[in-house]
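The values are calculated or read from the model by the stated rules, or taken from the named source; none is laboratory data. All of these numbers come straight from a predicted model, not from anything done at the bench. Here the Cβ positions follow ideal geometry from the backbone for every residue, glycine too, while neighbour counts run over all protein chains shown. Quick note on the areas: whole protein, heavy atoms, side chains included, nothing else; ligands and nucleic acids left out. Shrake-Rupley method; radii C 1.70, N 1.55, O 1.52, S 1.80 Å.
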Amino acid sequence: MELIDGKATAATIKAEIRQEVEEILAAGGKRPHLAAILVGHDGGSETYVKNKVLACEACGFKSTLLRFEDDITEEMLLHEVQKLNEDADVDGFIVQLPLPKHISEQKVIEAIDYRKDVDGFHPINVGRMAIGLPCYISATPLGILTLLKRYNIPTSGKKCVILGRSNIVGKPMAQLMMQKQYGDSTVTVCHSRSATLKEECLAADILIAAIGSPEFVTADMVKEGTTVIDVGTTRVPDATRKNGFRLCGDVKFDEVAPKCSYITPVPGGVGPMTICMLMLNTLAAGKKEYYK
Ligand code: GUN
């Protein structure tokens, strides 16, 4: 069993990005600029956004954080999105999710100029990704693809089972794993209503768990030699920790790991890669790689 070290891989990639930024600046180019909108004080969102700002510093990017209280109206938030769309200095931006209930997340996502949508959530980017055109790919699936590639894990012709059908992870992951230019795998998507979930998991060469249910995947669901990717990051109460919680994956690591050829830990697996892929998308935005 080999542990897939997302933290180390992300650090390597961030150093590569920083190097490229230095080359861009030396050639007289512009420093990439990522902006983030954060609404309210959700603990998880605060942490994510703080880490995104730190990652920008590590990569040599400019970053701007725009904070609003959770009573901001939808109209005001859409106006802020419009301002970022029109700000020529901002190469890419994100609106951290979730948003307060009185604001339509879909409306906000669709208001973002797709050419600056470094989250890859806009329907134009989702659609272009689905048919294999150049576009921003959402960070978590892109991070998983990158880990599989950097660890030379074969995917072509393999059976890949994805647990979860979210717009951010499950669905795009399935699209990418099936496409010839990315995973080139045979893909099955299982979810909370799947009648044959365990049987499907047992047949998987690559199992990607993204259901948000702590320790859902147990040893009896995994065959010998499988590669297991754990996307779960549920906060479970833990009185022994300073912050009162620990992150728990979707995989019962201790009993599953001995059966795997490769496995990602939680934390330190997929998580650090996600923010790193946002940095890669921001670099692409700065270089106008996909859209003029
Ligand atoms: N909330 C949880 N993950 C994400 C993400 O990747 N992007 C944004 N904008 N919000 C999130």
| Taking only Cα atoms of the chain, radius of gyration then Dmax in Å | 19.1, 58
| message | Using a 1.4 Å probe on the protein heavy atoms, what percent of the accessible area of the stretch 1-151 belongs to carbon and sulfur? | response | 54
| task | Would you work out the charge dipole size for the chain about its Cα centre, treating the Cβ of every Lys and Arg as +1 and the Cβ of every Asp and Glu as -1, and quote it to the nearest 20 debye? | result | 480
| note | By the mean-Cβ-within-10 Å protection proxy, highest first, 209-216, 51-58, 67-74, 142-149 rank as 142-149, 209-216, 51-58, 67-74
| remark: Given a 1.4 Å probe, the accessible area of the stretch 155-291 per residue, as a whole number of Å², is 45
| field | P(r) histogram, all alpha-carbon pairs of the stretch 1-157 included - 10 Å bins from 0, percent | value | 9, 33, 37, 18, 3, 0
| For the stretch 157-292: Kirkwood Rh in Å [reciprocal of mean 1/r, alpha carbons] | 15.9
| message | Can you tell me the convex hull volume per residue for the stretch 33-121, based on C-alpha atoms, in Å³ to the nearest whole number? | response | 83
| Which residues' amide hydrogens lie under 5 Å from the amide hydrogen of THR227, considering only partners 5 or more residues apart or on another chain, with H built in the peptide plane? | ILE206, LEU207, SER261, TYR262
| task | Report Rg/Rh for the stretch 202-243, rounded to two decimals, where Rg is the Cα radius of gyration and Rh the Kirkwood radius. | result | 1.10
| task | Let me know the Kirkwood hydrodynamic radius for the stretch 73-194, please, with Cα pairs as the basis and the value in Å to one decimal. | result | 15.7
| remark: Counting only DSSP beta bridges fully inside the chain, the antiparallel percentage to nearest 5 is 10
| note | Semi-axes a, b, c in Å (a largest) for the stretch 137-204, each sqrt of 5 times a Cα gyration tensor eigenvalue, come to 19, 15, 9
| Along its principal axes, what span do the Cα atoms of the stretch 216-292 show, with the longest given first and each in whole Å? | 50, 36, 15
| Excluding ligands and nucleic acids, what accessible area in Å² is computed for GLU110 using a 1.4 Å probe, to the nearest 10? | 100
| field | Residues of the stretch 1-131: accessible area per residue with a 1.4 Å probe, Å² | value | 51
| task | Can you pull the one-decimal nm distance between simple spin-label points at ALA15 and ASN167, each 7 Å off the Cα toward Cβ? | result | 3.8
| remark: Kirkwood calc, the stretch 83-130, C-alpha pairs only, radius in angstrom 11.3
| task | Could you work out the Rg to Rh ratio of the stretch 1-68, with Rh taken as the Kirkwood radius (inverse of the mean 1/r over all Cα pairs)? | result | 1.08
